[in-house]
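Read-outs: derived from the displayed coordinates by stated rules, not from any lab. Computed from a prediction, not measured in an experiment: that's the story for all the values here. Neighbour counts are summed over all protein chains in view; Cβ atoms, including those assigned to glycine, are modelled from backbone coordinates with ideal geometry.
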Amino acid sequence: MRAGYGISDITPPLGVELAGYGYYLGRKAESIMDPLYARALLLEGDGGEHSLILSCDLLGMNRAVMRDIERVAQTYGVPPSRVIAVSVHTHTGPALIWHEGCGYPDEDYVSSVSGRIAPAIRAAADDLRAVSGIRYGRVALPGSNAASGAGKSGRHGFAAASVTSGYTYNRAIEDGPVDRTARAFVIEREGARPVCVASAACHGVFNGCIAQISADFAGAVNRALTEKGYDGIFLNGTCGDIDPTVKDTAHRDAFAAAIAGAADAAVSDLPPTLAGGEIGWRLRTRVMDDEQRRDAAEAVARRDGQDAPTARVAQIWAREMPDFPERMSGEENAPVRWCALGGVPIAAYAFEGFTAIADIIRRECGCDDAWVLGCAGELMGYLPTRDDIESGSYAARESIFLYKRMPVLPGEAERLGHDVGTALRDLLNRPREEF
């Protein structure tokens, strides 16, 4: 097996609008706290097969950028089905897709970002070295889900953090599930620095609502890995329902250091094997006609007031959804890319997914160490659980307006977890030559 690492700067110019935190804030970048990067790991199996793992310090990618990435990867022998490209979901970076009211794309930057990402892939291809060993490790992150008695707070219905939450908590469900595990691969290479691929799950909002460009805690993880002597690549997990308990840079850096500790725990040797591909899956959504969309927007206006930003976003959604006919058919294509390195599976889907999805995937595939990554490829918004939809949460209702999507049918998150988990179980049991 061979592995190559590459990195390129994708920092936008000052003045771009930063995505997230609320409607029509006009939060434009005034300075750079830390640059944004694309980081690439190109893997070549003993049979000549290739996989690409790419992490970008962005909120999410759009379809055009994803297609450009796939075209570049193909020039190095990586088929599109074996490209896992994820965003770290930082809220102190630019938007590449239209989030109504929560960050407008800068067209000049969007048109240039593919060209900024491509050098990382090329550098990884030029850096291919023989792999002398693969080690795997995991560490438990602080915190528990002990009852806080805090109840719900705020109009969005976000849960409050418990005093025992550690660095992260489930913002969608009081005392809800949290994946308190950081995982890492360490890939030793002949004549080069080792590469550490690390993962944990949290929204990229430690920095708070500031006017500075930053990769948030993902950037801090990669810096911590560099200090340990690695070329680092951080991959965010299922962060849709997970937030920091405290939003400041001290807690950000402490959380990042804890995640980077998984590299120190990487003592289990893995075989130098590689497999990967794509699992077909289609998302089922509720079909809403013009009248139903208008009724939904009017309900928001009655709740919040006709002049409220939320009402404006809902009205625009109701009016403009016909511009996206592929999103109004009741089904959308949402394939899941996967890779197995040393027999440990990595699955990546296009949603801000919930923790329960990862739990189901791990249970169904029979591997507690399976990695489940969100915000892969073109970001398709939230994928809330059945309970979250029935509670009428932000992820289930209001977020569809800014993402310009149709409501997800109850049970789709659970179905994704089951379908991907069982598919992975079957795939991992196939002979290597079938890949």
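Observations on the structure shown:
- Quotient of C-alpha Rg and 2.2 N^0.38 Å, computed over the range 288-328: 1.14
- Sequence-distant aspartates and glutamates (8 or more away, or on other chains) whose Cα lies within less than 12 Å of residue 228: 264
- For the range 202-218, putting each phi into the Karplus relation 6.51 cos²θ - 1.76 cosθ + 1.60 with θ = phi - 60° gives couplings of 5, 4, x, 9, 4, 5, x, 7, 10, 9, 10, 7, 6, 7, 6, 5, 4 Hz, in residue order, rounded to whole numbers and with x for Gly and Pro.
- Two-decimal Rg/Rh across the range 153-302, once Rg and the Kirkwood Rh are taken from alpha-carbon atoms: 1.09
- Debye log10 I(q)/I(0) for the chain, one point scatterer per Cα, at q = 0.06, 0.08, 0.10, 0.14 Å⁻¹: -0.22, -0.41, -0.65, -1.35
- Full extension of the chain segment joining residue 104 with residue 63 gains 13.1 nm, where the gain is 0.36 nm per residue of separation less the Cα-Cα distance.
- Of the trypsin sites (Lys or Arg not before Pro) in the range 153-204, those whose Cβ has at most 12 other Cβ within 10 Å and which sit in DSSP loop: 155
- Computed from backbone phi, the HN-Hα couplings of the range 223-231 come to 5, 5, 5, 4, 5, 7, x, 10, 8 Hz, rounded to whole numbers (Karplus: 6.51 cos²θ - 1.76 cosθ + 1.60, θ = phi - 60°; Gly and Pro given as x).
- Additional length obtainable on full extension of the chain from residue 429 to residue 46, 0.36 nm per residue less Cα span: 136.0 nm
- You can think of it this way: the chain between residue 368 and residue 319 has 13.2 nm of extra reach, that is 0.36 nm per residue less the Cα-Cα gap.
- Under 18 Å from the residue 286 label point (7 Å along Cα→beta-carbon), backbone N, the range 380-396: 381-396
- Estimated from helical segments only, the mean residue ellipticity of the chain at 222 nm is -9000 deg cm²/dmol, where each DSSP H run of four or more residues counts as -39500 (n - 2.57).
- Sorted ascending by nearby beta carbons within 10 Å, beginning with the fewest, 39, 284 become 284, 39.
- In terms of other Cβ atoms within 10 Å, 355, 75 run from fewest to most in the order 75, 355.
- Gyration tensor verdict on the range 215-336 (Cα atoms; rounded if a/c is under 1.5, prolate if a/b is larger than b/c, oblate otherwise): oblate
- Residue exposure proxy: 338, 317, 281, 98, ordered by other Cβ atoms within 10 angstrom of their Cβ from fewest to most, comes out as 98, 281, 317, 338.
- Near the amide H of residue 173, within less than 5 Å, lie the amide hydrogens of 159, all on another chain or at least 5 residues away, with H placed in the peptide plane.
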